[in-house]
Structure formats: structure tokens, C-alpha cells
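Structure record follows, encoded as C-alpha cells.
The values are calculated or read from the model by the stated rules, or taken from the named source; none is laboratory data. Quick caveat, the model's predicted, so the values are computed rather than measured. Counting neighbours? That spans all protein chains shown, and the Cβs are built from the backbone with ideal geometry, glycine included. The accessibility values were calculated without ligands, DNA or RNA, using every heavy atom of the protein model including side chains. Shrake-Rupley method; radii C 1.70, N 1.55, O 1.52, S 1.80 Å.
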Amino acid sequence: RQLDDLHGIARCYCGMGIICGSIEEFQTALEYFQHALTNSKLADRPSLTASITGNIGHIYFNFGRYREAADCFQLSLDYYEDLNSEQGAANMLSGLAGVHVYLGEYLLGLNLVKKAIELYKKAGHERGLAVAMMNTGIALHKMGRMEEAEVELLNALAFSRSIHLKPTETDVLSELVELYQALGQENKKLKYQELY
């Protein structure tokens, strides 16, 4: 603040918001992100503004304020498309897909995650691609399309392993356990539970 560096102030507030969000202090995170957004706009930093807007969307999602989350993801997507940022756009498409799947709007969610996958591939963003592959499997599971869900989740598992992405690998294993539990396939459930 002493330097009157609005961009720096925005980044600091954003960082504090990320930390608070990671320890699930969502209200405090939201307040930090709102301060960050104000300063980012004043500093005329559209890329940072897009990122912060997406972060606010994630906080709203955690609060269960899904339509507000979707509005933030859409606004952030608009910023990223203006900036020609494939990775940023893919992240926001994934966020929007998550909202729609959570609200039971599965086909809309699946279509959005497919678009995100295409953009992640273009951008060469392997982590985002792995998560989007997993999310495809989750959506198919929720739709009752179990065989397709199994294929997608196993592909996501193999890809996560190939790029040594342990957090996503662990999440996929957890989803496979749930899938095989729902299918009543106890041996497979126990196999993936042990791997998890």
C-alpha cells in the first residue's frame, strides 16, 4: 500500500484469499478476493481480474450459491476468451460444467467439459486435462451411464499416473471405489480402495 502498487495489492489479497480458501475459511477468502478484484480492476489487469473472478466463483460454489458461481465462471470465461487464453477458458468451462452437473443438468455439464478437454489439449495443460477426464466420468456416473463412467475414470487414472499427478490419481481412485460400490462389484471396489 505504501508503494501505491494496485497490481501488487491485488495479488497480495488474491494470495491471502487462496490460502483462506484452502483451509476452508470461505467467508474470509471471499472478502480477500473482493478486495483483490477491486484493486485489479483499478490497476487495469484483465488477466488477474479473470483469475480472481473465477476464484470468487469457486467460493460461491463452496457456499452452495451455484447460480452466483456460474455467473462468476461465465464472466471469467468472457475475460479469458477476450485474452485468447485457452487454459483460462478451459478452467472456467470446467467450473461451469461442475455447477451444471451438481444441479443435475448433466448433458449441459458434459458438453462444457468436452469443450474444456479440447482447450486443455490445445494449451498442453495436462493437469487440467486429467481433472476434466475425471469429471467426465463423474458426470456419467451421476447419469447412470456406468459402463461409460468406468471407461472414462480408468482412462483418467491411467493418464494421471502417466504424468505423476498424485492428487488427481487419488481422487479418481476414490470415484472408482464409489462406482464399483454402486455396481455391487465388491472385488473391484476392494482393489481400488486398497490402491486409494
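Things worth noting here:
So that you can scan it fast, the table gives a plain yes or no per residue for (1) within 23 Å of Leu96 (Cβ to Cβ); (2) open to solvent by less than 80 Å² (accessible area, probe 1.4 Å); (3) aliphatic (A, V, I, L, M):
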{"position": "Leu6", "(1), (2), (3)": "no, yes, yes"}
{"position": "Met16", "(1), (2), (3)": "no, yes, yes"}
{"position": "Ile23", "(1), (2), (3)": "no, no, yes"}
{"position": "Leu30", "(1), (2), (3)": "yes, yes, yes"}
{"position": "Phe33", "(1), (2), (3)": "yes, yes, no"}
{"position": "Asn39", "(1), (2), (3)": "no, yes, no"}
{"position": "Gly57", "(1), (2), (3)": "yes, yes, no"}
{"position": "Asn62", "(1), (2), (3)": "yes, no, no"}
{"position": "Ala70", "(1), (2), (3)": "yes, yes, yes"}
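- Residues that are open to solvent by 30 Å² or more (accessible area, probe 1.4 Å) and either aliphatic (A, V, I, L, M) or at negative phi (or both), drawn from the stretch 103-116: Leu103, Glu105, Tyr106, Leu107, Leu108, Asn111, Lys114, Lys115
- Within the stretch 128-160, considering residues that are in a helix (DSSP H, G or I) and over 19 Å from the mean Cα position of the chain (by Cα), the one surrounded by the most Cβ atoms within 10 Å (Cβ to Cβ): Glu150
- Filtered residues of the stretch 161-183 (kept if under 25 Å from Val99 (Cβ atoms), part of a helix (DSSP H, G or I) and in contact with an Asp or Glu (Cβ under 9 Å, 6 or more places away or on another chain)): Leu176, Leu179
- Tabulated pairs, the stretch 97-123, first under 15 Å from His141 (Cα atoms), second open to solvent by 70 Å² or more (accessible area, probe 1.4 Å), C-beta under 6 angstrom, 6+ apart or interchain: His100/Leu108
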